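Everything below concerns the one structure shown next.
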Amino acid sequence: MKTGYILGISCGYHDSAVSLVHNGDVLYACEEERFTGIKHDFSFPTHAINSIFKKFKISNDDLDSICFYENPDLKLDRIQQTTKRGGWKNFFKRKNIISNNKKSYKKILTQLENLKGKNTKLIFHDHHLSHLAYSYYTSPFTESALLSVDGVGEWETTSLAIGNTTIKKITGLSFPHSLGMLYSTITAFLGFKPNEGEYKVMGLAPYGDCKKYNKVFQKLYTETSEGEFELNMEYFTYDYSDTHMFNEKLGQVFGFPNRLPDEPLEQYHKDLAASLQYNYEKLFFRLLNELHNKTKSDNLCLSGGCAYNGTANGKILKRTKFKNLYIPPAPSDAGSAIGCALNQWYNVEKNTERKNNTNPFLGPFYTKEDILRSLEKYDTDVYYEKKLYEQIIEIISDEIVDGNVIGWFQGRSEFGARALGNRSILANPRDPQMKSRLNMMIKKREGFRPFAPIVKESLSATYFNYTDLVPYMNQVVKVNEEHSKNLPAITHIDNSARIQTLNKSQNRYIYSLLESLHIKNGYPIVINTSFNLKDQTMVLTPEDAIKTFLNCEMDTLVLGNYIVKKKIL
């Protein structure tokens, strides 16, 4: 007998995650890294799966199906074919790459088989279809154009599709021609870690001159018909190497060698970042314009790892004919754990009743008793006081106005890379010293990195030159000029900010805080950055929050309905 439970899994490359869907409702989703503390953990999500079984009191036998986010056989076929380009000089490296990938997928297949119950089907889904399904089936649209852009799935790197109850692919790009791989390669060339440092490059870009290396980029790719492009693989090695993404010719064409991670950032590095972002957008908008030509849809759902490029995303409604945009909170591989499960429910099993799956708070929840036990464990390091939520709002809004930095831990954890108000660090956007203080003393990261604001949804257009809703902090827009000087801590060098719009139904406590700050600080806006330190994962448990609080110069921690302070020893 069917139970309606579908378990969705993504793992093996980066951002492993799991989801639980029941009769079309997404009940739970969480990344494995939140449990292990390993950033971008790609291992099989054992901890996250166990948390599902524990929370919902179900077992393997309750699962109708286990859905995996991609097809391992097709992916191995691509690896076997594309690594041939390395030639005889890379013969042994190629053998090792193929052997390691076979071993990795054999292990994953064994783990998936062991997870099956007596009536559970194991189903492998298409990588980009999982991306597309996540964005479409969690969107508010019945009909929509769909675009997925990332590094690579099985063979596809880009997929254009239409969603209308079911999803139909229209066309796509195949490996090695990849917008995601182009961005990641230049990210590596600039000394940042691929699949992690791209957002640093995006933040660096406004400090550079985008015209500086545009002529060089013309050598790296060729625009082809129907919005497509081909990369000049003379400069790239990612198709046959698992250690290097480019060769010495890339440095020669740019006129300087690749930057090492600990080397200083020079102006030419910033210019290269700016040129990369410019050319990314050029190719990205060609794809979008072609998608609109093919679908004529007013609506767009965006997915894939490249959907984290907020700078490009914030220009979509102004530079294309699309009128409505939806980007889910976890558009990269983690979100595909939801996507493959929803693809099974809607696209494969043909269920037509759409469910509202827009809630991003899908992770574990910790009770008042859990919180109190954690506080008691650290009572030699902190003191704490229980308050009503109304009192917490008043106290914390005063502290933010006074320049204090707040750790904020409430409810279920967010799914995706962005803190959306339940695992957040909050601060005053009007404090001109706050950006440098947060980067140096709290987040312990590069000083050029910008910080994002949460703004009250109904007043967002007053302060930002953008009228659409941005509930998941995935679009960079311009700050209205008359307000930018009053919001120095969230206004980037190019007068932009990556905003999150918020209404009361999305997060009533943060909404109340915004209302209080509007009265006390003149703006219904607060800095919101993820509750973690550099190279650490976002906090998951109350104990994680306390340990992070004690390990930096944060002033106050809100843990449920407790206000926590450090003891001065």
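The values are calculated or read from the model by the stated rules, or taken from the named source; none is laboratory data. Model, not experiment: these values are computed from the prediction. For neighbour counting, all protein chains shown are included, and Cβ atoms are generated from backbone atoms with ideal geometry for every residue, glycine included. The accessibility values were calculated without ligands, DNA or RNA, using every heavy atom of the protein model including side chains. Shrake-Rupley method; radii C 1.70, N 1.55, O 1.52, S 1.80 Å.
Just a few scattered comments:
- Per the Cα gyration tensor, the stretch 102-191 maps to an equivalent ellipsoid with semi-axes of 26, 23, 11 Å, ordered largest to smallest.
- Per the Debye formula on identical point scatterers at the alpha carbon atoms of the chain, with no solvent, log10 I(q)/I(0) at q = 0.09 Å⁻¹ is -0.68.
- Rel. contact order, % - alpha carbon contacts under 8 angstrom, at least six apart, the stretch 435-569: 25
- The alpha-carbon of LYS350 sits under 18 angstrom from the alpha-carbons of these aspartates and glutamates, leaving out residues fewer than 8 places away in its chain: ASP25, ASP64, ASP126, GLU143.
- Dipole magnitude for the stretch 1-91: about 360 debye, using +1 per Lys or Arg Cβ and -1 per Asp or Glu Cβ, origin at the Cα centre.
- Percent carbon-and-sulfur accessible area, the stretch 112-195, ignoring ligands, DNA and RNA, probe 1.4 Å: 51
- Charge dipole of the stretch 225-376 about the Cα centre (unit charges at C-beta), most positive-ward option of ASN351, PHE236, SER303: ASN351
- The stretch 4-85: C-alpha gyration tensor shape, a/c 1.5 cut-off, then a/b vs b/c: oblate
- R0 of 22 Å, Cβ-Cβ distance SER43-HIS244: FRET efficiency to nearest 0.05: 0.40
- Solvent-accessible area, 1.4 Å probe, carbon plus sulfur percent, for the stretch 228-357: 45
- Counting only protein heavy atoms and a 1.4 Å probe, the chain has 40 square angstrom of accessible area per residue.
- Calculated FRET value between ARG508 and THR224, using beta carbons and R₀ = 51 Å, to 0.05: 0.55
- Nearby lysines by direct alpha-carbon distance to LYS444 (threshold 19 angstrom, same-chain neighbours under 8 apart not counted): LYS39, LYS193, LYS200, LYS435, LYS534, LYS547
- Carbon + sulfur, % of accessible area of the stretch 383-471 - ligands and nucleic acids excluded, 1.4 Å: 51
- The alpha carbon centroids of the stretch 524-560 and the stretch 234-254 are separated by 38 Å.
- Partnerless Cys - the chain, beta-carbon criterion under 4.7 Å: CYS11, CYS30, CYS210, CYS301, CYS306, CYS552
- Count Lys and Arg as plus one, Asp and Glu as minus one, and take only other residues whose Cβ is under 9 Å from that of ARG449; the net charge is then +3.
- Computed accessible area, ARG449, all protein chains, 1.4 angstrom probe, square angstrom: 20
- Based on Cα contacts under 8 Å between residues 6+ apart, the chain shows a relative contact order of 16 percent.
- Each residue, LYS102 and ALA461, gets one label point 7 Å from its Cα in the Cβ direction; the gap between the two is 6.0 nm.
- The calculated 222 nm mean residue ellipticity attributable to helices in the chain amounts to -10000 deg cm²/dmol, summing -39500 (n - 2.57) over DSSP H runs of n ≥ 4 and dividing by all residues.
- Annotation note: trypsin sites (Lys or Arg not before Pro) in the stretch 194-285 located in DSSP loop regions with a Cβ neighbour count of at most 11 within 10 Å are LYS211.
- For LYS485, the aspartates and glutamates whose Cα falls under 14 Å of its own Cα, not counting residues fewer than eight places away in the same chain, are ASP431, ASP494.
- Full extension of the segment from MET441 to LEU550, taken as 0.36 nm per residue of separation minus the current Cα-Cα distance, would add 38.0 nm.
- Our estimate of slack between THR142 and LYS215, defined as 0.36 nm per intervening residue step minus the Cα-Cα distance, is 22.1 nm.
- Comparing Cα centroids, the stretch 95-144 and the stretch 9-68 end up 12 angstrom apart.
- Probe 1.4 Å - accessible area at LYS55, Å² to nearest ten: 90
- Relative contact order %, the stretch 385-445, counting alpha carbon pairs below 8 Å whose residues are six or more apart: 27
- Whether the stretch 37-161 is rounded, prolate or oblate, judged on the alpha carbon gyration tensor where a/c under 1.5 counts as rounded: oblate
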